[in-house]
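Visitor: This is the structure, below, for whatever I ask next.
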Amino acid sequence: MNSCTISKVPFLDLRVTDDAERQELLDAVDTVLRHGRIVLGPEVEQFEQRVASLCGRKYSVGINSGTDAIYLGLRSLGIGPGDEVITTALSWVATANAIALTGATPVFADILDDLTIDPASVARLVSSGTKAILPVHYTGKICRTEELLAITDQYAIPLIEDAAQAFGATRFGKPAGSFGTIACFSMNPMKVLAACGEAGAIVTDSADTVERLHALRYNGTVNREICLEPSLNGRLDTIQAAILLKRLDHITRVIGRRREIAAYYHKSLQGVVKCPHEESGCLDSWYTYTIQVEGRDELKAFLAERGIETKIQHPILMPHQSAYKRCRAETANAERLLTRILCIPCHEKLSDDDASCVTSSIRNFYGA
Ligand SMILES: *Cc1c(COP(=O)(O)O)cnc(C)c1O
């Protein structure tokens, strides 16, 4: 792997380029069109069962997006106006929005050098108003759940996993989604387990929570008629569930290929840039491969000139968004890291040549 003759290395490629895979997905859609149970059809329930079992949980509820999964998940636990929910400073703004839309106030904890939430910062931010802790398994790395569960146990409040980036990751043998009172997933087209449209899911061991979620995901109704509380329409499409069931058949291979690329990057870039570190006993899902560098913006421009697409996820800390400027926050380490992070292409369709092009260009930039 040393050539660099590729004209373009995309950050992600959402096309279905494999003929067998495309046929499999078309067949799955065709099955739904033929049986006609378009809304909450049998594939939704099959998908829920597969997700629950892969997460080591009793139940799963299919939801139409990760954002709605977090929002409805918070509501199912009674989080609302007057409550505070502690989350991380660095995430996609959906995490904070889901909290704010319940009427609760997000509080933002600082992050560790591995970009996941810092439990010590969480502990400092707990107040009498804190009603839940909502960490993110950022980049597909499960956060420090042991320390966070010690805090939630101490205050008898729920831990809610934003596992949107981490389906398939494990920490000391336990899968993402198995740690919290509930856990929320996104299966949007950018995620490692991806639908061909918007999709999400919640997992839990509580039958009561499931019952509440079934009402909350359909306008707060019971038996589709009686409205107990206002809510939105957050049901998962049968067609997306059918597609996700097929994608689940290949998830081990998909994560395996990402893992291969990550290992190659580590080998080629170690000592040149700060590479993400997978803790021993843990398997990350490699949603992103985020390096930390000096001269980040110059490197990004240098790679763009060579056709290599990179991303800064996410360039604005949530507490710095105008919507959240007045919320309590600790951001010292997050602010420092925000100038250094860069996500380089790490998806399963990346060829060995593409990966080689990425590393040789980065080495080139640093004169390595
Ligand atoms: C993608 C994502 C979400 C939102 O999921 P959608 O399905 O896009 O609504 C929430 N939190 C995190 C950390 C995410 O990466």
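The values are calculated or read from the model by the stated rules, or taken from the named source; none is laboratory data. As the structure is a prediction and not an experimental result, all values here were calculated from the model. With ideal geometry, Cβ positions are generated from the backbone for all residues, glycine too; neighbour counts draw on all protein chains shown.
Visitor: Among the residues of segment 164-190, write down those that are farther than 15 Å from ILE63 by Cα, within 14 Å of the ligand (Cβ to nearest atom) and surrounded by fewer than 22 Cβ atoms within 10 Å (Cβ to Cβ).
Guide: Selection gives MET190 alone.
Visitor: Here is a further query. Of the residues in segment 191-212, how many are away from the ligand (no atom under 16 Å from the Cβ) and either assigned to a loop (DSSP other than H, G, I, E, B) or touching a helix residue (DSSP H, G or I) at 6+ places or on another chain (Cβ under 6 Å) (or both)? Break it down stepwise before answering.
Guide: Residues of segment 191-212 that are away from the ligand (no atom under 16 Å from the Cβ), as a first pass: 204-212.
Checking the rest, the ones that are also either assigned to a loop (DSSP other than H, G, I, E, B) or touching a helix residue (DSSP H, G or I) at 6+ places or on another chain (Cβ under 6 Å) (or both) come to 205-206, 209, 212.
Result for segment 191-212: 4.
Here's the yes/no breakdown for (1) β-branched (Val, Ile, Thr); (2) surrounded by 24 or more Cβ atoms within 10 Å (Cβ to Cβ); (3) in contact (Cβ under 8 Å) with a residue 60 or more places away in the chain:
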| site | (1), (2), (3) |
| --- | --- |
| THR145 | yes, no, no |
| ASP153 | no, no, no |
| ILE157 | yes, no, no |
| ARG217 | no, yes, yes |
| GLY220 | no, no, no |
| ALA242 | no, yes, yes |
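Visitor: Would you mind finding the one in ILE79, ILE133 that is away from the ligand (no atom under 12 Å from the Cβ), in a loop (DSSP other than H, G, I, E, B) and hydrophobic (A, V, I, L, M, F, W, C)? Spell out the reasoning first.
Guide: Details: ILE133 fails: in a loop (DSSP other than H, G, I, E, B).
Exactly one residue qualifies, and that residue is ILE79.
Visitor: Do the conditions hold for ARG328, that is, is it surrounded by 14 or more Cβ atoms within 10 Å (Cβ to Cβ), more than 29 Å from VAL254 (Cα to Cα) and either touching a strand residue (DSSP E or B) at 6+ places or on another chain (Cβ under 7 Å) or modelled with pLDDT of 95 or more (or both)? Outline the logic, then answer.
Guide: Details: surrounded by 14 or more Cβ atoms within 10 Å (Cβ to Cβ): yes; more than 29 Å from VAL254 (Cα to Cα): yes; either touching a strand residue (DSSP E or B) at 6+ places or on another chain (Cβ under 7 Å) or modelled with pLDDT of 95 or more (or both): yes.
So ARG328 fits the description; yes.
Visitor: So, in segment 150-163, of the ones that are assigned to a loop (DSSP other than H, G, I, E, B) and over 13 Å from the mean Cα position of the chain (by Cα), which residue ends up nearest to the ligand (Cβ to nearest atom)? Quick ask: steps written out before the conclusion?
Guide: Initial filter on segment 150-163 (assigned to a loop (DSSP other than H, G, I, E, B)): 156-158, 163.
Going one step further and asking which of them are over 13 Å from the mean Cα position of the chain (by Cα), we end up with 156-158.
Working: ALA156: 25, ILE157: 20, PRO158: 17 Å.
Among residues in segment 150-163 that are assigned to a loop (DSSP other than H, G, I, E, B) and over 13 Å from the mean Cα position of the chain (by Cα), the one nearest to the ligand (Cβ to nearest atom) is PRO158.
Visitor: Output the number of the condition that ALA20 fails; it satisfies all remaining conditions of (1) assigned to a helix (DSSP H, G or I); (2) more than 14 Å from the ligand (Cβ to nearest atom); (3) touching a residue at least 40 places away in the same chain (Cβ under 8 Å).
Guide: Evaluating ALA20 over (1) assigned to a helix (DSSP H, G or I); (2) more than 14 Å from the ligand (Cβ to nearest atom); (3) touching a residue at least 40 places away in the same chain (Cβ under 8 Å) leaves (3) as the failure.
Visitor: Given the conditions (1) more than 18 Å from SER186 (Cα to Cα); (2) without any contact (Cβ under 8 Å) to a residue 60 or more places away in the chain, report the number of the one that VAL32 does not fulfil.
Guide: Here VAL32 clears every test but (2).
Visitor: When you check ILE261 against the structure, is it closer than 25 Å to THR170 by Cα and in a helix (DSSP H, G or I), yes or no? Break it down into steps so the answer makes sense when it comes.
Guide: On the way: closer than 25 Å to THR170 by Cα: yes; in a helix (DSSP H, G or I): yes.
Answer is yes for this residue.
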